[in-house]
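Heads up: the structure comes next, in structure tokens.
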Protein chains: 2
Amino acid sequence: MSRTDKEIDEATDAKPSRASAARLSLYLRCLENWRRAGQATVSSGNIAETLGLSDAQVRKDIGYLGSPGQPGVGYKVPELIRAIREGLGINREWRTVLVGVGNLARALLRYQGFREQGFEIVGLFDADPQKLGLRVDGLTVQPMSALPAVVAGADAELALMTVPAEAAQDVADALVASGVRGILNFAPAVLRLPSKVRLVNVDLAIQLEQLAFQVQLGNIP
Amino acid sequence: MSRTDKEIDEATDAKPSRASAARLSLYLRCLENWRRAGQATVSSGNIAETLGLSDAQVRKDIGYLGSPGQPGVGYKVPELIRAIREGLGINREWRTVLVGVGNLARALLRYQGFREQGFEIVGLFDADPQKLGLRVDGLTVQPMSALPAVVAGADAELALMTVPAEAAQDVADALVASGVRGILNFAPAVLRLPSKVRLVNVDLAIQLEQLAFQVQLGNIP
């Protein structure tokens, strides 16, 4: 039976919003901690209290995942983890390349969280000839010219960009041309990308500015 | 003349929301690029187009800053930069300590953006005896026991926390006890802090998960 437009619309509407998706990632982090601690079940209230959110908000976000729990009984921790990973699309491996092999790149490569969540770094690239051939955590730094072949060969969809701001747009253009579909950008630069390519910016100075702003305000709830 | 409660309330209401503050940080980044490129004036439309926002949104956010521009004429770039820095409370130096001296810390210490925005790192701390006494970018790694004296002596208000998740709560507690008022936390841990202390979390796996989620969805506008 084919779905009507309305049904398809409703299915699309049922996807979590970006804000819900960000919160679901946070719930996942809590749930993984609880699983490690041996906790078998949780309620939406447990999650809400831990993260300082309302119970209604947590229940609404989890509602996007179908019905992984039973009202009044709560959720089984492993089942809710599985449901969130599925809802966020991270219940599979995401192959990822990294461009710009400095200290931040080394920190990211050693960051356990990426691998645990299914993100596998399959290629390292740098424009600096002095870095070419370096081995970092089992990978060899390659020139930018090798990017398209590696992306295609490994079917890499994501990229981590840890390059200086001046180089960021050129590198982003090269990543887009190679077929990468999403870029996590750490350069403090405003990038222009075609709409088919997703971009998440992590501007560390902005995070620190926001912290200073909140401290300055002093007592916003 | 003393202000009435209502006037004080209104002054408080006129502070930018967190979402506006985050956008103002982005505007600041654009404006600094334009200043470096020698551009003298901008319109709210220039900013809106660069960042993919609506003109009305940009004007509303800038409206929190008083009236740094003239309608139809636009803003003088240096004046708008000054107004935003003042509005965000970053038109002064913020002394900052860093706990956990690994690769991420080294990347942060070399990150130009922090110093440019007035954030000065005044102390490095690590629990690992093997790291004590190391010199990193002009600072010496000190034991956690030295934290209270350094925070008090340098009047440090902020902290960067780049420690493993297992250590994060203990380190956060020590930072709070030392008098730090805001923590930028890079550990993938859910921290409990007293309400007087501000917390901004940068969970890099969450950022990557959100990127994967957006790529997965494919074509959300």
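Please treat every number below as a calculation from the coordinates, not as lab data. On a predicted model such as this, the values are computed, not experimentally measured, just so you know. All Cβ positions, glycine included, derive from the backbone under ideal geometry; neighbour counts span all protein chains shown.
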Original post:
Tally Lys and Arg at +1 and Asp and Glu at -1 over the other residues with C-beta under 13 Å from the C-beta of A:Gly102: what net charge comes out?
Top reply: +2
Subject >> Charge-dipole axis of chain B as Lys and Arg at +1 and Asp and Glu at -1 on Cβ define it, positive-most pick from B:Pro164, B:Ser178, B:Leu31 >> reply: B:Leu31
**OP:** Return the long-range amide H neighbours of A:Trp94 (sequence gap of 5 or more, or a different chain), with a cut-off of under 5 Å between placed amide H atoms.
**Re:** A:Phe119, A:Glu120
**OP:** Report the calculated FRET efficiency for B:Arg36 and A:Ser145 (r = Cβ-Cβ distance, R0 = 35 Å), to the nearest 0.05.
**Re:** 0.75
Original post:
What does the charge dipole of chain B about its Cα centre add up to, to the nearest 20 debye, if the Cβ of each Lys and Arg holds +1 and the Cβ of each Asp and Glu holds -1?
Top reply: 440 debye
Original post:
Local charge sum around A:Thr162 (other residues, Cβ-Cβ under 11 Å, Lys/Arg +1, Asp/Glu -1)?
Top reply: 0
Original post:
Net charge near B:Ala56, counting Lys/Arg +1 and Asp/Glu -1 over other residues with Cβ under 15 Å of its Cβ?
Top reply: 0
**OP:** Give, rounded to the nearest 20 debye, the magnitude of the charge dipole that the stretch B:135-221 has about its Cα centre when Lys and Arg contribute +1 at Cβ and Asp and Glu contribute -1 at Cβ.
**Re:** 180 debye
Original post:
Between A:Gln169 and A:Arg110, how many nm apart are label points set 7 Å from Cα along the C-beta direction?
Top reply: 3.5 nm
Original post:
With +1 on each Lys and Arg Cβ and -1 on each Asp and Glu Cβ, how big is the dipole of the protein assembly as shown about its Cα centre, in debye rounded to the nearest 20?
Top reply: 140 debye
**OP:** Calculate, for B:Asp155 and A:Lys76, the FRET efficiency according to 1/(1 + (r/R0)^6) with r their C-beta to C-beta distance and R0 41 Å; round to the nearest 0.05.
**Re:** 0.25
Original post:
What is the total of Lys pairs in the protein assembly as shown with C-alpha atoms under 25 Å apart, excluding same-chain pairs fewer than 8 positions apart?
Top reply: 14
**OP:** Would you mind telling me the antiparallel percentage of the DSSP bridges in the protein assembly as shown, rounded to 5?
**Re:** 20 percent
Original post:
If amide H atoms are built 1.01 Å from N in the plane of the peptide, which residues on other chains or at least 5 residues away come under 5 Å of the amide H of A:Ile183?
Top reply: A:Ala159, A:Arg198, A:Leu199, A:Val200
Subject >> B:Glu49 paired with B:Ala19, simple spin-label distance in nm, labels 7 Å along Cα-to-beta-carbon >> reply: 2.5 nm
Original post:
Could you state the principal axis extents of the C-alpha atoms in the stretch A:94-206, from the largest down, to the nearest angstrom?
Top reply: 33, 32, 31
**OP:** Restricting things to alpha carbons, find the Rg to Rh ratio for the protein assembly as shown using the Kirkwood radius for Rh.
**Re:** 0.96
